[in-house]
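Asks: This is the structure I want to talk about, given as structure tokens.
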Amino acid sequence: MKRLTFILTLAAVCSLQGVSAWGRLGHATVAYMAEQHLTEQARANLDKWLDGKSIVYYASWLDDYKPQMLVDLGYDPDGDDRMHQLPHTFSVDENGDVVPGNHWPGTKKYLANCIHYIEESAEMLKNHIAELDDSTRLARIQLIVHCVGDMHCPGHIRYPGNTTIGYYKVVLFGEEIRYHTIWDTNILQRPHPWSFSDLAWLLDRYTAEEQAEITSGTPYDWGRESAAASRCIYDVKAGDKLDNNFIKTYKPLAETQLAKAGYRLAAVLNAIFDK
Ligand SMILES: [Zn+2]
């Protein structure tokens, strides 16, 4: 049985690295926007479980403590390390459907995708919250808040024949940069470096009907839709030189994905905590 565990070691803290997804600005924007759409009851329950802290406070927790958020894959007769970092990504197949797992780079392991853990956490919090210890309950809330953001980041989807998630170099405004990093941060910060609350306020403009449409379906449906919308980012190839035209072309995608993530995170949390 796969399970999440906290392992706190200094060595693990020192090895912090890897895929970061939306940077802090993006994750905080998604969480802040979601917070504005929590029902009164859901907000009250979250206040209780989070000791009055905002979900924004925990929005990047899974990136900040990535080595501590591990999935235990159980006994492995091949002798591989059985503990793996929780995936912040997902893959789609040739039909655009979310596949159950990601091949973990550099290992023979096949891990469940981030959407699997969102659904697993939602089920645990909705139906078994009284059985969870304090740290597990908190970790599961942090996981949902973070991974609903990540699954909407265009740089977090692996496609058949392209599992790079943008781990190649391009040139942005004359400086070499990993393409993935642009989708974490730069795309949101140019041309104007809004704060997370500014950005949430600016993006939270959808009608009630549009919000209902966005939040219909399941996280797997949302993954399929995100993958279809985001495939175009790979029209940018290694070595390409990017300027304001790139920002102007792709920023609407980043903003739409952030807004959808905000509404959907609220929907997931309301379904769990509004009872
Ligand atoms: Zn992440």
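The values are calculated or read from the model by the stated rules, or taken from the named source; none is laboratory data. Small disclaimer: the values here were computed from a predicted structure and weren't measured. All Cβ positions, glycine included, derive from the backbone under ideal geometry; neighbour counts span all protein chains shown. To get the accessible areas, we keep the full protein, side chains included, count just its heavy atoms, and leave off ligands, DNA and RNA. Shrake-Rupley method; radii C 1.70, N 1.55, O 1.52, S 1.80 Å.
Asks: Return one whole number: the accessible area per residue of the stretch 89-221 in Å², for a 1.4 Å probe.
Replies: Using a 1.4 Å probe on heavy atoms only, each residue of the stretch 89-221 averages 46 Å².
Asks: Right, something else. Please arrange 185, 249 by accessible surface area, largest first, computed with a 1.4 Å probe and ligands excluded.
Replies: The ordering from most to least exposed comes out as 249, 185.
Asks: If you don't mind, there's one more thing I want to ask. When a/c is below 1.5 the answer is rounded, else prolate if a/b is larger than b/c, else oblate, so apply that to the stretch 96-213 with a ≥ b ≥ c taken from the square roots of the Cα gyration tensor eigenvalues.
Replies: The shape class here is oblate.
Asks: Less than 12 Å Cβ to Cβ from residue 59, Lys/Arg counted +1 and Asp/Glu -1: what total charge do the surrounding residues give?
Replies: -2
Asks: Still on this structure, please answer the following. Quick check: with the 1.4 Å probe, what order do 153, 232 take by accessible area, largest first?
Replies: Final ranking, largest accessible area leading: 232, 153.
Asks: If you split all Cα-Cα distances of the chain into 10 Å bins from zero, what percentages do you get per bin, shortest first?
Replies: Per 10 Å bin, starting at zero, the Cα-Cα P(r) for the chain comes out as 7, 30, 37, 21, 5, 0 percent.
Asks: Kindly provide log₁₀ I(q)/I(0) values, in the same order as q = 0.12, 0.13, 0.18 Å⁻¹, from the Debye equation applied to equal alpha-carbon scatterers of the stretch 81-164.
Replies: So the normalised log intensities work out to -0.39, -0.46, -0.80.
Asks: For the stretch 87-94, just list the computed ³J(HN,Hα) in residue order, Karplus coefficients 6.51, -1.76 and 1.60, θ = phi - 60°, integers in Hz, with x standing in for Gly and Pro.
Replies: Karplus-based 3J(HN,Hα) across the stretch 87-94 equals x, 10, 10, 8, 10, 10, 8, 4 Hz.
Asks: Ignoring any ligand, DNA or RNA, what whole percent of the accessible area of the stretch 113-257 comes from carbon and sulfur when the probe is 1.4 angstrom?
Replies: 52
Asks: Let me ask another. What number, in percent, do you get for the relative contact order of the stretch 3-273 if the mean sequence gap of Cα pairs under 8 Å and at least 6 apart is divided by its residue count?
Replies: It comes to 28 percent, rounded to a whole number.
Asks: Compare 204, 47 by solvent-accessible area with a 1.4 Å probe and give them largest first, with all protein chains kept in place.
Replies: Accessible-area ranking of 204, 47, largest first: 47, 204.
Asks: Also: Here is the link list: 169/241; 53/260; 126/275. Which ones come out longer than 20 Å on Cα distance?
Replies: Over 20 Å Cα-Cα: 53/260.
Asks: Something else about it: Taking the DSSP beta bridges in the stretch 3-273 as the whole, what percent of them are antiparallel, to the nearest 5?
Replies: 80
Asks: Another question about this same structure. What is the stretch 221-275 by shape, rounded, prolate or oblate, if you read a ≥ b ≥ c off the alpha carbon gyration tensor as root eigenvalues and call it rounded for a/c under 1.5, prolate for a/b larger than b/c, and oblate otherwise?
Replies: prolate
Asks: Please give, to one decimal in nm, the separation of the simple spin-label points placed at residue 163 and residue 134, each 7 Å out from Cα toward the Cβ.
Replies: 4.0
Asks: How much length is gained on full extension from residue 48 to residue 271, taking 0.36 nm per residue of separation minus their Cα-Cα distance?
Replies: Taking residue 48 through residue 271 to full extension adds about 78.6 nm, to one decimal.
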